[in-house]
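Visitor: Just dropping this structure here.
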């Protein structure tokens with residue numbers, strides 16, 4: 001029994017690392033994509049391609065989508081929290097800030113997930129260690145955003161605020177995602193992506209007229225990688241982990257995603273971070289780790 005349990009834990013942790021890698025690379029894909037593709041159009045295509053791909057995989061596996069209206073309403077609400085609003089904000093924000101900085105700011109999801117979970121669902125115990133984690137994480141965000149706020153009170157600060165707002169949406173989505181327990185993980189993944197696409201495609205046509213802006217080959221390839229790997233595959237893993245690890249545990253991939261995402265953006269985009277941003281990164285990682293890594297239980301002492 002213990003060996004089987006250890007194997008299951010190892011599988012879930014491996015999936016957590018995979019999810020962190022897929023989402024860590026998404027910021028570089030977005031940065032390359034929005035170079036020539038308008039942000040709403042990029043996210044509309046991302047959700048549509050990924051949703052249809054997951055639907056094809058579900059049909060091949062013989063998994064049926066739920067057809068009741070109530071479930072699809074929940075899919076739509078999940079889409080608003082997990083893709084429509086946050087992805088659009090991030091795509092717009094990355095037109096003004098580096099992918100590495102977006103990765104760091106977006107890593108704060110557990111910092112918001114824990115207090116929201118404690119207040120809304122009350123299934124988490126508030127401990128001094130987790131409170132320290134919240135403080136450290138918020139200090140990290142202030143260090144990262146604060147420097148730019150002093151030098152540029154224009155688009156840079158607004159873009160950073162948009163990415164932090166997207167992070168809050170992610171935190172709410174992780175909590176709401178627990179309501180899909182009992183469904184195959186691919187069902188809420190595909191359902192939320194397809195309902196998100198239904199909202200984003202008309203918005204793209206009305207506000208951006210994407211046919212007037214020819215995309216570059218690198219942007220198209222980045223979009224495809226974003227849709228297939230960082231969305232379709234990542235969402236299937238995400239909704240499975242929500243069911244097995246819970247909302248706070250799943251958002252723990254954020255502190256794994258930070259070094260992965262920053263390393264990818266620095267290596268492939270030639271970006272760099274200021275010394276203060278690195279200090280903020282360290283604070284965010286410490287804060288998230290303090291809230292998500294379970295404390296070791298003291299070994300029980302047997303008495304004769």
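Visitor: With 218, 265 as the choices, which residue is more than 21 Å from residue 170 (Cα to Cα) and surrounded by 15 or more Cβ atoms within 10 Å (Cβ to Cβ)?
Guide: Going through 218, 265 in turn, the sole match is 265.
Visitor: Quick one: which residue in 84, 145 is farther than 19 Å from residue 28 by Cβ, crowded, with 16+ Cβ neighbours inside 10 Å and at pLDDT 75 or above?
Guide: Among 84, 145, only 84 is farther than 19 Å from residue 28 by Cβ, crowded, with 16+ Cβ neighbours inside 10 Å and at pLDDT 75 or above.
Visitor: Applying the selection to the range 46-89, what residues are touching a helix residue (DSSP H, G or I) at 6+ places or on another chain (Cβ under 6 Å) and closer than 12 Å to residue 231 by Cα?
Guide: 46, 47, 48, 49, 50, 51, 53, 54, 82, 83, 87, listed by residue number.
Visitor: Quick one: how many residues across the range 268-277 are surrounded by fewer than 16 Cβ atoms within 10 Å (Cβ to Cβ), in contact with a helix residue (DSSP H, G or I) (Cβ under 9 Å, 6 or more places away or on another chain) and either at pLDDT 75 or above or farther than 17 Å from residue 143 by Cα (or both)?
Guide: The qualifying residues number 4.
Visitor: Out of the residues in the range 116-134 that are farther than 15 Å from residue 289 by Cα and surrounded by 14 or more Cβ atoms within 10 Å (Cβ to Cβ), state the one that is modelled with the lowest pLDDT.
Guide: The extreme case among them is 124.
Listed here are the residues, each with its yes/no results for (1) free of Cβ contacts under 8 Å to residues at least 24 places away in the same chain; (2) out of contact with any helix residue (DSSP H, G or I) (no Cβ under 6 Å at 6 or more places or on another chain); (3) assigned to a helix (DSSP H, G or I).
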| site | (1), (2), (3) |
| --- | --- |
| 189 | no, no, yes |
| 192 | no, no, yes |
| 200 | no, no, yes |
| 206 | yes, yes, yes |
| 215 | no, yes, no |
| 218 | no, no, yes |
| 224 | no, yes, yes |
| 231 | no, no, yes |
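Visitor: Check whether at least one residue in the range 240-253 is within 15 Å of residue 26 (Cα to Cα) and either modelled with pLDDT under 85 or within 15 Å of the chain's Cα centre (by Cα) (or both), and report yes or no.
Guide: yes
Visitor: Follow-up question, since we're still on this one. Could you tell me which numbered condition residue 183 fails, if it satisfies all but one of (1) under 22 Å from residue 18 (Cβ atoms); (2) assigned to a helix (DSSP H, G or I)?
Guide: (2)
Visitor: Something else about it: Go through (1) in contact with a helix residue (DSSP H, G or I) (Cβ under 8 Å, 6 or more places away or on another chain); (2) modelled with pLDDT under 95; (3) surrounded by fewer than 19 Cβ atoms within 10 Å (Cβ to Cβ) one by one and return the number of the condition residue 4 breaks.
Guide: Of (1) in contact with a helix residue (DSSP H, G or I) (Cβ under 8 Å, 6 or more places away or on another chain); (2) modelled with pLDDT under 95; (3) surrounded by fewer than 19 Cβ atoms within 10 Å (Cβ to Cβ), only one is false for residue 4: (1).
Visitor: While we're here: All but one of (1) touching a residue at least 24 places away in the same chain (Cβ under 8 Å); (2) farther than 30 Å from residue 70 by Cβ; (3) surrounded by fewer than 19 Cβ atoms within 10 Å (Cβ to Cβ) hold for residue 211, so report the exception by its number.
Guide: (1)
Visitor: May I pose another question? Kindly check whether there is at least one residue in the range 54-73 that is under 20 Å from the mean Cα position of the chain (by Cα), within 25 Å of residue 211 (Cβ to Cβ) and assigned to a helix (DSSP H, G or I). Write out each step before concluding.
Guide: Residues of the range 54-73 under 20 Å from the mean Cα position of the chain (by Cα): 54.
Add one more test, that the residue is within 25 Å of residue 211 (Cβ to Cβ), and what stays is none.
No.
Visitor: Could you list all residues from the range 14-53 that are assigned to a loop (DSSP other than H, G, I, E, B) and surrounded by fewer than 19 Cβ atoms within 10 Å (Cβ to Cβ)?
Guide: Selection gives 35, 36.
The values are calculated or read from the model by the stated rules, or taken from the named source; none is laboratory data. Predicted, not measured: the structure shown is a model, and the values here were computed from it. Heads up, the Cβs are rebuilt from the backbone with ideal geometry, glycines too, and the neighbour counts pull from every protein chain shown.
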